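S.K.: Let me give you the structure first, and then I'll get to my questions.
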Amino acid sequence: MTYVIWSFEHNRWWGPNHCGYVDELSQAGSYTEGEAGHIVTGSVLLDEVAVPIPMAIAFGPPKHHPYGGDHRGAMQSKCFVNKMEARW
């Protein structure tokens, strides 16, 4: 599966090749599961989430962090959005 990365800090999508942020999903970078996992678990503030591209197309960016907004606390798991966790 391929993912896009949503940044709650910047309120924008990650750009291609880990470069910058973009407003439009069509301009966002796409990342493999491994790349997305590295990005979201390496975030100092834990404020990025990986969103499957089909979900991003269907629903747009997530409005709430999948962990109830407690995205700045210590989290052990990856920040991947799936249809069970997402709250749009």
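S.K.: Which residues' amide hydrogens lie under 5 Å from the amide hydrogen of GLY20, considering only partners 5 or more residues apart or on another chain, with H built in the peptide plane?
M.R.: Correct list: GLY15.
S.K.: Neighbouring Cβ atoms within 10 Å as the yardstick, rank GLU48, GLU33 fewest first. Walk me through the intermediate numbers first.
M.R.: Numbers: GLU48 22, GLU33 14.
Ordered from fewest to most neighbouring Cβ atoms within 10 Å, GLU48, GLU33 come out as GLU33, GLU48.
S.K.: Which order results if ASP23, ASP47 are arranged by neighbouring Cβ count within 10 Å, fewest first?
M.R.: ASP23, ASP47
Taken together, the values in this text are just the output of simple stated rules run on the coordinates, not laboratory data. Here the structure is a predicted model, which is why all the values come from computation and not from measurement. No Cβ is skipped: glycine too gets one built from the backbone with ideal geometry, and neighbour counts run over all protein chains shown.
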